[in-house]
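The values are calculated or read from the model by the stated rules, or taken from the named source; none is laboratory data. These numbers were taken from a predicted model, which means no experiment stands behind them. No Cβ is skipped: glycine too gets one built from the backbone with ideal geometry, and neighbour counts run over all protein chains shown.
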Amino acid sequence: MTNVSKTGLKTMGEFDLIVVGGGINGAGIARDAALRGLRVLLLEKHDFGSGTSNASTGFIHGGARYLLSDLGTTRASCIDSGHIRHIAPHLAFRIPVVYPVERPFQGLLVESFFSAYDHYSKYKDGKAHCWLTAKELRTLIPDIPADYNGAATFDEWGVHAHRLVIANLRDAAVHGAQLHSYTEVLRFLVEEQKGQKRVVGVEAVNRLTGEHVQYRANMVCNATGPWSMDFAARNDLNVPLRPAKGIHVVIPRRVLPFGIMFKAIDGRLIFIVPHGDVTIVGTTDDDSFETPEQVVPTYDDVAYLCEGLQHICPSLLTERPTMTYWGVRPTLYGRNCYEDDLSREHHLFDHAKTDRVEGVVSIAGGKLATYRVMSEETTNLIMQKLGKQAPCQTAERLLPGAEAVDLAYDCRSLQQINSRLPKLLYHRYGSDVRVMETMVEENPNLAIVLDETTLLTAAELCYVIRHEWATTLLDVSRRTQWGISHRITTEAASRVCRVMGEELGWDSEQHTVEIRRLTDFQELAIQPLSAWRSYNE
Ligand SMILES: Cc1cc2nc3c(=O)[nH]c(=O)nc-3n(C[C@H](O)[C@H](O)[C@H](O)COP(=O)(O)OP(=O)(O)OC[C@H]3O[C@@H](n4cnc5c(N)ncnc54)[C@H](O)[C@@H]3O)c2cc1C
């Protein structure tokens with residue numbers, strides 16, 4: 001339905017639910033609501049999954065470190081991690097983690113800690129902890145300082161977070177949700193009904209065309225992560241957050257087959273984590289008072305993580321981290337504590353109760369590992385407010401790509417390009433790797449490798465353009481992990497631009513703009529590392 005409102009703006013469609021924000025929570029809510037039969041519209045101001053959900057360490061863990069202060073989060077994360085593993089087995093991978101300990105008495109504390117964690121770990125099919133002797137520890141990490149005389153091991157799971165967002169969105173779309181990226185919600189449309197304020201839709205701007213549009217809906221959900229507080233405030237609503245910036249550095253190789261959890265210089269726990277073909281080191285955790293778009297990594301952030309590496313495993317520094325990535329945690333408000341001690345619980349704000357405005361809810365806080373249960377709770381409340389009933393299916397129903405596939409048999413054309421390619425693609429797209437196989441069979445030109453470092457092919461590129469809403473070079477880099485650990489060369493970027501240009505009808509000016517944006521972004525990611533290296537090497 002399209003008509004013109006009193007403001008003269010075009011009004012598009014009538015929906016049961018508008019979700020604002022296309023990170024993991026917005027995507028999870030859109031999927032859950034669409035599966036329950038709601039007419040859903042999701043609006044995202046940048047690329048889908050380009051906010052905090054693209055900045056996580058990628059653990060769908062129980063958060064062992066929250067065990068003492070935040071038991072609810074540990075329990076919820078462990079249970080939901082089990083569900084995520086079930087619905088997206090192709091995106092999840094086991095990470096055994098080693099936690100070196102220094103002195104015997106610390107060992108006793110750690111033993112009781114991990115005994116308690118074992119209780120929750122079983123929800124996510126994690127193995128019970130065990131102990132390594134000093135000798136075993138030194139076999140695993142030969143250059144660990146002599147102070148460490150043993151280690152506890154525990155079991156976590158990793159996930160490709162951006163791909164998890166896309167998988168949720170794809171399923172939402174399959175079940176009828178309309179999804180628009182690069183569409184910013186400017187404000188809520190509010191009407192007075194029987195003396196009660198009610199949100200009846202949103203005004204949004206398409207950031208690519210500049211067109212302003214209104215959408216009407218029975219319910220609106222604010223799922224804007226670290227933007228939630230400011231976005232709510234602009235609409236006279238209250239979502240108290242204490243956002244915190246976190247960065248990682250990336251080593252361009254899988255240097256260890258296990259993760260290490262250890263204390264940074266200030267006693268905070270940080271991680272070294274194998275993730276696909278690379279190793280991630282992180283994270284920092286610092287109060288952030290800027291808007292998330294303004295946040296960038298600094299020399300100090302990098303120095304803090306590199307100091308940790310230098311302490312626990314100096315040889316890893318010789319592997320030379322090459323990239324950073326960063327984001328802002330949407331942590332719930334708390335005072336009188338350090339950032340790291342803030343609760344990782346989530347909160348569902350029913351603004352009818354907190355601000356006397358009906359028709360709108362906000363979801364904030366939480367973790368990637370709890371996105372599914374956060375989405376379920378949010379959708380339950382929305383269903384209740386709409387007076388509808390339908391059970392949640394997201395704990396059981398597989399995400400797109402989750403069905404098993406025989407790579408050796410099925411993907412000969414991809415194998416001919418490179419024997420590693422089918423497996424690599426399977427862990428991004430699951431059984432949809434077969435779609436790429438068919439694309440290559442039908443059009444052998446798509447077998448061309450556009451970037452040797454990450455084995456990005458024209459087939460994968462066309463797949464993410466045609467099936468996953470990728471419209472810019474940076475969108476492609478997120479979907480495919482292109483450039484996650486290295487500077488993309490102008491030659492590779494130009495090759496990708498040419499294919500994108502053919503698919504999307506770009507002119508030469510657009511090529512230039514795209515390459516400049518990619519280069520600028522990579523410069524932000526690399527510059528603090530280069531500065532650190534030139535000072536310390
Ligand atoms: C450094 C770091 C490491 C982390 N590691 C882990 C981890 O290992 N495990 C874990 O479980 N969790 C981890 N987290 C937390 C986890 O990443 C977040 O809890 C989760 O990604 C938040 O998702 P979200 O959808 O709420 O927010 P986001 O992903 O930020 O999504 C919000 C979206 O809303 C959009 N938006 C904002 N305003 C508007 C508007 N006006 N109109 C339209 N769209 C709008 C934004 O562009 C954004 O895409 C980590 C976080 C950080 C920062």
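Points to keep in mind about this one:
- Subset tally (residues that are away from the ligand (no atom under 14 Å from the Cβ), of a type outside the set (A, V, I, L, M) and touching a helix residue (DSSP H, G or I) at 6+ places or on another chain (Cβ under 8 Å)) for segment 204-226: 1
- The single residue among ILE270, ILE247 that is within 28 Å of GLU514 (Cβ to Cβ), in a strand (DSSP E or B) and within 13 Å of the ligand (Cβ to nearest atom) turns out to be ILE247.
- Of all residues in segment 25-59, those being touching an Asp or Glu at 6+ places or on another chain (Cβ under 8 Å) and modelled with pLDDT under 95 number 1.
- Of all residues in segment 264-301, those that are among the charged types (D, E, K, R) and either without any contact (Cβ under 8 Å) to a residue 40 or more places away in the chain or assigned by TED's automatic domain parsing to the domain that holds MET229 (or both) total 4.
- Flag for VAL97 being in contact with a helix residue (DSSP H, G or I) (Cβ under 9 Å, 6 or more places away or on another chain) and more than 30 Å from PRO422 (Cα to Cα): no
- Of the numbered criteria (1) within 11 Å of the ligand (Cβ to nearest atom); (2) in a strand (DSSP E or B), the one THR279 fails is (1).
- Residue match in segment 159-172 (condition: assigned to a strand (DSSP E or B) and hydrophobic (A, V, I, L, M, F, W, C)): yes
- Of all the residues in segment 243-265, those that are surrounded by fewer than 20 Cβ atoms within 10 Å (Cβ to Cβ) and either among the basic types (Lys, Arg) or under 22 Å from GLU293 (Cα atoms) (or both) number 3.
- Matching entry among ALA34, ALA76 (being within 13 Å of the ligand (Cβ to nearest atom) and either outside any helix (DSSP H, G or I) or in contact with a strand residue (DSSP E or B) (Cβ under 9 Å, 6 or more places away or on another chain) (or both)): ALA76
- Residue match in segment 133-148 (condition: modelled with pLDDT under 95 and assigned to a strand (DSSP E or B)): yes
- Qualifying position, being crowded, with 16+ Cβ neighbours inside 10 Å, small (Gly, Ala, Ser) and assigned to a helix (DSSP H, G or I), among ALA531, ALA525: ALA525
- Of all the numbered requirements in (1) under 20 Å from the mean Cα position of the chain (by Cα); (2) at positive phi; (3) buried (at least 21 other Cβ atoms within 10 Å of the Cβ), VAL273 misses one, and that requirement is (2).
- Any hit, segment 177-194, residues being surrounded by fewer than 18 Cβ atoms within 10 Å (Cβ to Cβ), in contact (Cβ under 8 Å) with a residue 24 or more places away in the chain, of a type in the set (Lys, Arg) and more than 16 Å from the ligand (Cβ to nearest atom): no
- Candidate set from segment 37-58 (those that are within 10 Å of the chain's Cα centre (by Cα) and outside any loop (DSSP other than H, G, I, E, B)); member that is surrounded by the fewest Cβ atoms within 10 Å (Cβ to Cβ): ASN54
- Residue in segment 396-417 that is touching a Leu at 6+ places or on another chain (Cβ under 6 Å), modelled with pLDDT of 95 or more, farther than 28 Å from ASP236 by Cβ and of a type outside the set (Gly, Ala, Ser) present: yes
- Residue count for segment 316-366, restricted to those that are closer than 30 Å to GLU523 by Cβ and either under 25 Å from the mean Cα position of the chain (by Cα) or within 16 Å of the ligand (Cβ to nearest atom) (or both): 14.
- Residues of segment 250-267 classified as farther than 10 Å from TYR304 by Cβ and either of a type in the set (Lys, Arg) or within 15 Å of the ligand (Cβ to nearest atom) (or both), total: 7
- Selected residue (criterion: surrounded by the most Cβ atoms within 10 Å (Cβ to Cβ)) from residues of segment 494-521 that are in contact (Cβ under 8 Å) with a residue 40 or more places away in the chain and within 30 Å of LEU309 (Cα to Cα): LEU518
- In segment 379-429, counting only helices (runs of 4 or more DSSP H) that sit wholly within it, the ones holding 1 or more residues that are in contact (Cβ under 8 Å) with a residue 40 or more places away in the chain span 412-417, 421-429.
- Condition met for CYS462 (in contact with a His (Cβ under 6 Å, 6 or more places away or on another chain) and either part of a helix (DSSP H, G or I) or without any contact (Cβ under 8 Å) to a residue 24 or more places away in the chain (or both)): no
- Qualifying residue in segment 174-194 (condition: at pLDDT 95 or above and touching a Pro at 6+ places or on another chain (Cβ under 8 Å)): yes
- In this entry, ALA233 passes the filter for residues that are without any contact (Cβ under 8 Å) to a residue 60 or more places away in the chain, away from the ligand (no atom under 11 Å from the Cβ) and over 30 Å from ASP147 (Cβ atoms).
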